[in-house]
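Report on the following structure.
Coordinate-derived values only; no laboratory data. The structure displayed is predicted, hence computed values, not measured ones.
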C-alpha cells in the first residue's frame, strides 16, 4: 500500500472516531467494517429522528389544543364583555322608557293638540318597546304573581287577609330581563298575612 493511501485511510478512521465521539458513541474498533458501522449508525439515526418526530408532533398537537382553548376563551370573554356593556346601556335607556310611560299616563283624554301629541308619544313608546324586544329585553311579570326576591323589589308591604301571603298587589315600576338575566327588578307592593 502506498504511503498516501495509508495516510488517507488513517485520516478517515480518525474522522469517523471523532464523529462517533461527538455523538456519544464509542469509536469504531480497528476490526469493525465500515459497512457495519454505517448501517448501525444509520439505524440509530433513524430511531433518534423517529423519536424526535413523535415528540415534535406531540408538541404541535398540544400547542394547537392550547391555541383552540385560548380562542374559545377569548371569544367567550369578548361575548361577556359585549353583553355586560349592552346591559349597562339598556339599563340607562330604561329610564327613558319609564318617562315615556309616565307621559302617556298623564296625557289628557280630550281631543285637541295635546291628544295628537299623546298619539305621537304612544308611537315613540311602541317603537322603543319593539326595539327592546328585538334586542332580547322582556318585562318581569309582577301583578298577581308570587313575590320573588330575585325578580322583585318590595317597596311596600300591606297586611291583607284577602290575598295569599307574598302576593304582588301593585307594580310601581316595571322590571326587565335581558336574555334571561335580570336587568332591573320590578318595584312592587306586596300583601302579607296579618
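Points worth noting:
- Value of relative contact order over region 137-194, rounded to a whole percent, pairs C-alpha under 8 Å and six or more apart: 46 percent
- Residue separation of residue 177 and residue 43 scaled by 0.36 nm, minus their Cα-Cα distance, works out to 41.3 nm of gained length.
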